[in-house]
Ligand code: AMP
């Protein structure tokens, strides 16, 4: 993390300011995409007290009323309709690469061991398999590890037990910490991709397993897992003729969340940040300095290396320390301004591995956050006719 890296990408044909920064935090004096960003260690920045404002659940900006009056509006709607039609004629199976590897974990595996497997394979989730009943048993994600951490915090005297938990104990852990279990959704790979998207939005799942049934045995088979990222990438790569019509600035279409943002500082403890993610039901917390300048983003998946080897006590360490444990190939933090347009965001998704964009002003001050679910929601639902919604309601 010593190297002061410059933005790895600028995907802005029209001057839109979308840039990616590296894993190193952006310095307090760094410029945003209007100029090169100076990146340096967050630790060198003045710390402020851990964020103490656990605000109420953030609400996304309400999407503006459909006013398809100007040529820009009409073009935007044309683009959205084109993408929706595309999603209706493609299947989830189409999103899968020609060749891929799927790591499926046996439900009997120790949770502790599953961490190493995910880290060794460079993945952040895996389908679970119940080998006793030969059945799909759900999806392991960073949320499960966050639940284990909450369990550890609520029952610290049971630390010895935590190490002995198996993946099959995850549901019991949820019950003991009082978490409402997530609905286990899956889709058939040959169903329209549009259906998988609607299901993701309905359940707030960021990834869905594709489950098929073996013709001969009648048993379930997990084919793969599709994520919001994969779907948006698929749209970006294969549907440029429609994404290029999305020329309205994110400010005008109300894309993302701009109020009650959950933030933390480099000096906050990892536990504080996990607490924020749980309370707000979010997967990332922007890390800011005392002037609200963006330094980095702590993501739910950053929790995984923190508890590797059962080192739960390290959760008391700072966000700055935790972020320094990120893998060398970490893709970076993506930022944009409120004047950026969805077409250039799709451009960035086409070229890079983007999981969210942090909206900043010209002084790198945090303004908002655009998650992939915000983009998916806008692409699928904005201006959608009531009739369409009813029609799809029967599909999901
Ligand atoms: P995500 O967890 O990234 O799928 O985001 C779920 C919703 O929460 C989206 O509408 C985001 O815009 C919003 N969101 C994501 N991160 C934050 C945050 N740190 N503070 C407030 N809202 C957020």
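For region 337-386, a residue qualifies if it is within 13 Å of the ligand (Cβ to nearest atom) and assigned to a strand (DSSP E or B), and the qualifying residues are 356, 357, 358, 359, 366, 367, 368, 369, 370, 371.
Within region 299-311, the set of residues being touching a residue at least 60 places away in the same chain (Cβ under 8 Å) and away from the ligand (no atom under 13 Å from the Cβ) comprises 303, 304, 305, 307, 308, 309, 310.
Across region 164-180, the qualifying residues are those that are over 24 Å from the mean Cα position of the chain (by Cα) and surrounded by 14 or more Cβ atoms within 10 Å (Cβ to Cβ), and the one among them that is farthest from residue 313 (Cα to Cα) is 168. Residue 234 meets each of the listed conditions (1) surrounded by fewer than 22 Cβ atoms within 10 Å (Cβ to Cβ); (2) on the phi < 0 side of the Ramachandran plot; (3) not in a helix (DSSP H, G or I) apart from (3).
Matching residues to (1) in contact with a helix residue (DSSP H, G or I) (Cβ under 6 Å, 6 or more places away or on another chain); (2) outside any helix (DSSP H, G or I); (3) near the ligand (Cβ under 9 Å from one of its atoms):
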{"site": "262", "(1), (2), (3)": "yes, yes, yes"}
{"site": "271", "(1), (2), (3)": "yes, no, no"}
{"site": "278", "(1), (2), (3)": "no, no, no"}
{"site": "286", "(1), (2), (3)": "no, yes, yes"}
{"site": "294", "(1), (2), (3)": "no, yes, no"}
{"site": "297", "(1), (2), (3)": "no, yes, yes"}
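The one condition from (1) at pLDDT 90 or above; (2) more than 16 Å from the ligand (Cβ to nearest atom); (3) assigned to a loop (DSSP other than H, G, I, E, B) that residue 65 does not meet is (1).
Mind checking which residues of region 167-179 are assigned to a loop (DSSP other than H, G, I, E, B) and either touching a residue at least 12 places away in the same chain (Cβ under 8 Å) or within 15 Å of residue 138 (Cβ to Cβ) (or both)? Write out each step before concluding.
Taking region 167-179 first, the residues assigned to a loop (DSSP other than H, G, I, E, B) are 178-179.
179, the sole residue that qualifies.
Checked against the criterion of being assigned to a helix (DSSP H, G or I), crowded, with 17+ Cβ neighbours inside 10 Å and under 20 Å from the mean Cα position of the chain (by Cα), region 90-103 contains one or more residues that satisfy it. Of the numbered criteria (1) at pLDDT 95 or above; (2) more than 16 Å from the ligand (Cβ to nearest atom), the one residue 391 fails is (1). Applying the set (1) within 19 Å of the chain's Cα centre (by Cα); (2) in a helix (DSSP H, G or I); (3) within 24 Å of residue 343 (Cα to Cα) to residue 226 leaves exactly one unmet item: (2).
Conditions tested, residue by residue: (1) in contact (Cβ under 8 Å) with a residue 12 or more places away in the chain; (2) touching a helix residue (DSSP H, G or I) at 6+ places or on another chain (Cβ under 9 Å); (3) within 16 Å of the ligand (Cβ to nearest atom).
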| position | (1), (2), (3) |
| --- | --- |
| 165 | yes, yes, no |
| 200 | yes, yes, yes |
| 211 | yes, no, no |
| 228 | yes, yes, yes |
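The values are calculated or read from the model by the stated rules, or taken from the named source; none is laboratory data. Model, not experiment: these values are computed from the prediction. Please note: Cβ atoms are built from the backbone with ideal geometry, for glycine as well, and neighbour counts cover all protein chains shown.
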